[in-house]
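Worksheet: the structure to be examined is printed underneath.
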Amino acid sequence: MDVNRETAMRIWTKRYGKDLKVQDFAGRTMVKSAYDDRNSDYGWNLDHVFPQSKGGVTAEHNLVCCHILTNDEKADRFPCFKANGHEFEIHRVQNHYEIQEKHSSLADNPKEDENPVPNFFDAASGLELFDDLLQLQEKPRHTSRIVITLENLKSTAVVDFIEKLFSDSGITYIPSNYRNTLYISIQKTDVPLKEDSALLLDKCIVLNTYLSSYFEPLRYFAAYDIHYEDCCLDRNNMYRLSMLSEDDIKWQPTNSMFINDAVIQNTNAKDRIKNPTKGFNEYNYVYTKLQDDLRKEVNRQN
């Protein structure tokens, strides 16, 4: 077996499935497309758990995906090494080796807070934070927003389901007084990587699959739409984007999903929509196996 991109992609898929962004065993973030990229903060490669210099073989059971910095820190150290501030040991388990974190008492190894909370009662600490924030004011931010339209909603459990799916994002609600419609606005204010857009698009496709194949057929609502857009905005416009009102929403729900041209360019949707128009384009995709399973459950309940 050769340690190359093809091998790395196969092992990534075997370990992480469809996930595009994960953490290695030391807690560092890796992005699938950043394989062997030392210019990326999320670059990763394959490491021999039991080092080759000690006789380790190049086989799947002895290879692990890890951040490039983690791999550099581990190198050929055996059986103990330190990576990202954590101590690890390599143990033989049956016929292979595994990396296990070495646990010790907090008293012996106090963990330094990576994101300390400023002491706002200390003027120097508070103003140091404010000076840091001032430097960010002119920096454009890549922002993503998803607006979900639900007409004649019968159960708020659908809303709770959406909250769970997008639990890592900011969510606001815009009720309608005259169309019996609820608008759910989901916004992420810092989406620096194309991989982040891809993760959001995956979630939108998952939601589209559930809404179209389960919730709508069982009449938990009358109609729905999903609109996902990426924008690059300065701070003022970014905050204005979050002030969505019903007057800003012109569309009627058509039981479909739409994405704007920026999302298309940032994801593999560009392979499916060759000539996108400016603004929103229909992208009514679902996960077929999930759809089949949901439809079977709908048939069972009807």
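The values are calculated or read from the model by the stated rules, or taken from the named source; none is laboratory data. As the structure is a prediction and not an experimental result, all values here were calculated from the model. With ideal geometry, Cβ positions are generated from the backbone for all residues, glycine too; neighbour counts draw on all protein chains shown. The accessibility values were calculated without ligands, DNA or RNA, using every heavy atom of the protein model including side chains. Shrake-Rupley method; radii C 1.70, N 1.55, O 1.52, S 1.80 Å.
Among the residues of region 50-73, those that are in contact (Cβ under 8 Å) with a residue 12 or more places away in the chain and in a loop (DSSP other than H, G, I, E, B) comprise F50, P51, G56, T58, A59. May I ask you to list the residues in region 290-302 that are more than 20 Å from I226 (Cβ to Cβ) and either open to solvent by 90 Å² or more (accessible area, probe 1.4 Å) or among the β-branched types (V, I, T) (or both)? Residues satisfying the conditions are K296, N299, R300, N302. Residues in region 232-286 that are under 23 Å from L193 (Cα atoms) and at pLDDT below 85: C232, L233, D234, R235, N236, N237, M238, Y239, R240, L241, S242, K274. If you go through region 86-126 and keep only what is of a type in the set (G, A, S) and either modelled with pLDDT of 90 or more or outside any loop (DSSP other than H, G, I, E, B) (or both), you end up with A123, A124, S125, G126. Residue count for region 38-49 satisfying the condition of being outside any strand (DSSP E or B) and closer than 23 Å to G85 by Cβ: 6.
Across region 81-101, the qualifying residues are those that are open to solvent by 60 Å² or more (accessible area, probe 1.4 Å) and more than 22 Å from I68 (Cβ to Cβ), and the one among them that is nearest to the chain's Cα centre (by Cα) is H91. When Y210 is tested against (1) of a type outside the set (A, V, I, L, M); (2) assigned to a strand (DSSP E or B); (3) open to solvent by 40 Å² or more (accessible area, probe 1.4 Å), exactly one condition is not met: (2).
For region 50-63, a tally of residues being under 22 Å from H86 (Cβ atoms) and touching a helix residue (DSSP H, G or I) at 6+ places or on another chain (Cβ under 8 Å) returns 3.
If only residues of region 156-175 that are part of a loop (DSSP other than H, G, I, E, B) and open to solvent by 30 Å² or more (accessible area, probe 1.4 Å) are counted, the one that is nearest to L218 (Cα to Cα) is T156.
Do we find a residue being open to solvent by 40 Å² or more (accessible area, probe 1.4 Å), closer than 18 Å to N281 by Cα and under 20 Å from the mean Cα position of the chain (by Cα) anywhere in region 176-193? Taking every residue of region 176-193 in turn, none turns out to be open to solvent by 40 Å² or more (accessible area, probe 1.4 Å), closer than 18 Å to N281 by Cα and under 20 Å from the mean Cα position of the chain (by Cα). Whether any residue in region 20-29 is assigned to a helix (DSSP H, G or I), under 17 Å from K102 (Cα atoms) and in contact with a Lys or Arg (Cβ under 9 Å, 6 or more places away or on another chain) is what I want to check. Among the residues of region 20-29, not one is assigned to a helix (DSSP H, G or I), under 17 Å from K102 (Cα atoms) and in contact with a Lys or Arg (Cβ under 9 Å, 6 or more places away or on another chain), which makes the answer no.
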